[in-house]
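Colleague: Before I ask anything, here is the structure I am working with.
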Amino acid sequence: MTLPCFSITDVSFAYGNKPVLQGISQNIDHGMIYGILGPNGSGKTTLLDLIAGHKKPSSGMVRYQNMPVHAIARPRLAREIALVSQNFYINFPYTVMDVVMMGRYPYMGRFSPPSETDFQIVEKTMGITGIAAFRDHPVTRLSGGERQRTVLARALAQDTNVLLLDEATSNLDISHTLTLLDAVRNRVRQTGLTIIAVFQDINLAAVYCDRMILMKDGQIHAAGATRDMMDKALLESVFHVQSSIRFEPGYNARQAVFKTVSSRN
C-alpha cells in the first residue's frame, strides 16, 4: 500500500494558553492539489506551518513520507518542501534573479557558484511566472504583485516534491492568477507534485483543487473531493452565508453564487 505524502494525526497547537488547532487528523496523498478553506482565524495558516515543519505541534504528529517532519534535517526538508507564505518581505535590494536563484541554494555546495542547470531552472521559472523582463530590478522596487510572482518563482525553482501556498495569488490580478495556477496544475500532472494551498476564493479553489479541506474553529469541519465539498448546506455551515451551487461547463467545476445580505432578508 502506498504511503500518503503527509499523515497528520491528532494534531493540536496553541499560542501560549490560546488554542488554535484541536485534534486535526488528515492524510494528504501524492500528486494532488489540496485546497484549505475556512473563515478568518480558523487555523489555515497555522496548519500549513505545521505541515512545512516551521512549527511543532503541541500534541500529535505530522509525518512526511512516514517521518516526523520536525525530525527531518533542514537541508533535506528544503529539497522536499517549498513554502510561499502570504507575508514575505525583503528589505535588501536583491535583484529578481538573485531571489529566484535562492530557490536553488539547497542543491548547491557551500560556497559553490550556481551550475548551468541552476541557471536553466531559474530562467524557466522566471518565464513561467512572467518576471524575466525585470530580472535585474531590485525586489524592493517591485509592485506587490510582481514581488509575489518573484517569490512563487523562487519556490518553483526549488524543484521540490511538495509546494505549499498560503494565499499565494492574493496580490495578483486575475490574468496572472490564472496563468500561475495553470502552470502549477500542469506541473502536478506532469511530475506528480503535491500542492497544499490556502485559498480565500472558494470558486477559484473549486476550479483548481482535486480535494478540499474545510476548517472551522480550529478543526477540520469536512474534507473530501472538491465536487462533494461544493455543497450548499456544507458551505453555509462553515461560512455562515447562503448560496446556490451550479455547474459551470467552461470550468468543468461547481461554482457557488453567494447571496448578499439584502437578498437574504
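Colleague: What number goes with the only condition from (1) within 28 Å of Ser25 (Cβ to Cβ); (2) among the small types (Gly, Ala, Ser); (3) in contact (Cβ under 8 Å) with a residue 12 or more places away in the chain; (4) surrounded by fewer than 18 Cβ atoms within 10 Å (Cβ to Cβ) that Ala233 does not pass?
Modeller: Checking Ala233 against (1) within 28 Å of Ser25 (Cβ to Cβ); (2) among the small types (Gly, Ala, Ser); (3) in contact (Cβ under 8 Å) with a residue 12 or more places away in the chain; (4) surrounded by fewer than 18 Cβ atoms within 10 Å (Cβ to Cβ), the one that fails is (3).
Colleague: Could we say that Leu181 is surrounded by 16 or more Cβ atoms within 10 Å (Cβ to Cβ) and within 20 Å of the chain's Cα centre (by Cα) here?
Modeller: yes
Colleague: Then there's this: Which is in a strand (DSSP E or B), in contact (Cβ under 8 Å) with a residue 24 or more places away in the chain and either of a type in the set (A, V, I, L, M) or farther than 24 Å from Leu83 by Cα (or both), of Ala222, Ala183, Ala205, Ala197?
Modeller: Result of the check over Ala222, Ala183, Ala205, Ala197: Ala197.
Colleague: Next question. Surrounded by 16 or more Cβ atoms within 10 Å (Cβ to Cβ) and either free of Cβ contacts under 8 Å to residues at least 24 places away in the same chain or over 15 Å from Leu152 (Cα atoms) (or both), is that true of Asp136?
Modeller: Taking the combined requirement at face value, the residue does not satisfy it.
Colleague: Which of (1) within 22 Å of Glu167 (Cβ to Cβ); (2) small (Gly, Ala, Ser); (3) at pLDDT 95 or above is the odd one out, the single condition Ser85 does not satisfy?
Modeller: All conditions pass for Ser85, except number (3).
Colleague: Being surrounded by 20 or more Cβ atoms within 10 Å (Cβ to Cβ) and within 20 Å of Tyr64 (Cα to Cα) is the filter here, so list the residues in the range 186-210 that pass it.
Modeller: Scanning the range 186-210 gives Leu193, Thr194, Ile195, Ile196, Ala197, Val198.
Colleague: How many of the residues in the range 204-236 are under 17 Å from Gly43 (Cα atoms) and polar (S, T, N, Q)?
Modeller: So the count comes out to 1.
Colleague: Is it true that Val122 is at pLDDT 95 or above, more than 19 Å from the chain's Cα centre (by Cα) and surrounded by 20 or more Cβ atoms within 10 Å (Cβ to Cβ)?
Modeller: For Val122, the condition - at pLDDT 95 or above, more than 19 Å from the chain's Cα centre (by Cα) and surrounded by 20 or more Cβ atoms within 10 Å (Cβ to Cβ) - is met.
Colleague: On the phi < 0 side of the Ramachandran plot, among the hydrophobic types (A, V, I, L, M, F, W, C) and more than 15 Å from the chain's Cα centre (by Cα): is that true of Ile51 in this structure?
Modeller: no
Colleague: Please state which one of Leu172, Leu165 is of a type in the set (A, V, I, L, M), modelled with pLDDT of 95 or more and either assigned to a strand (DSSP E or B) or over 30 Å from Met108 (Cα atoms) (or both).
Modeller: On inspection, the qualifying residue turns out to be Leu165.
Colleague: Looking for something within 30 Å of Leu47 (Cβ to Cβ), assigned to a loop (DSSP other than H, G, I, E, B) and either of a type in the set (Asp, Glu) or touching a strand residue (DSSP E or B) at 6+ places or on another chain (Cβ under 9 Å) (or both) - is there at least one such residue anywhere in the range 139-159?
Modeller: There is at least one residue in the range 139-159 that is within 30 Å of Leu47 (Cβ to Cβ), assigned to a loop (DSSP other than H, G, I, E, B) and either of a type in the set (Asp, Glu) or touching a strand residue (DSSP E or B) at 6+ places or on another chain (Cβ under 9 Å) (or both).
The values are calculated or read from the model by the stated rules, or taken from the named source; none is laboratory data. Because the structure is predicted, anything quoted here is derived from the model rather than measured. When we count neighbours, we look across all protein chains shown, and the Cβ atoms used for this are built from the backbone with ideal geometry, even at glycine.
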